[in-house]
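The block underneath contains the structure these notes are about, expressed in structure tokens.
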Amino acid sequence: MTFENKFDYIAIPKGQAPGGPIQASDGSWYLVLPLHMTFREIVEHIRSFRSASPITASEVEETIAMLKQ
């Protein structure tokens, strides 16, 4: 599956920083994440982004455990 087929027409503004939100043509929102991030780093980034503040390592582990269920 190609990027274009998976996400359709996502407009990423020039100079978009990883982690920032972008909006697809259908109105849905996505976060820009670098491909080299580990699953743990992605969970930590998304949790921090949603809470608008840093989170603890135990909160990250708790979220990962919940996702594995």
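A few remarks follow.
- Proximal charge balance of residue 66 [Cβ under 13 Å; K/R count +1, D/E count -1]: -1
- Net charge of the neighbourhood of residue 54, taken over other residues with C-beta under 11 Å away and scored Lys/Arg +1, Asp/Glu -1, is -1.
- Phi angles of segment 54-67 translate, via the Karplus equation with coefficients 6.51, -1.76, 1.60 and θ = phi - 60°, into HN-Hα couplings of x, 10, 7, 4, 5, 5, 5, 4, 4, 5, 4, 4, 5, 5 Hz per residue; Gly and Pro are given as x.
Read the figures in this text as sums done on the coordinates, not as results from a lab. Everything numeric here is computed off the predicted structure, so don't read it as measured data. Neighbour counts run over all protein chains shown; Cβ positions are idealised from the backbone, glycine included.
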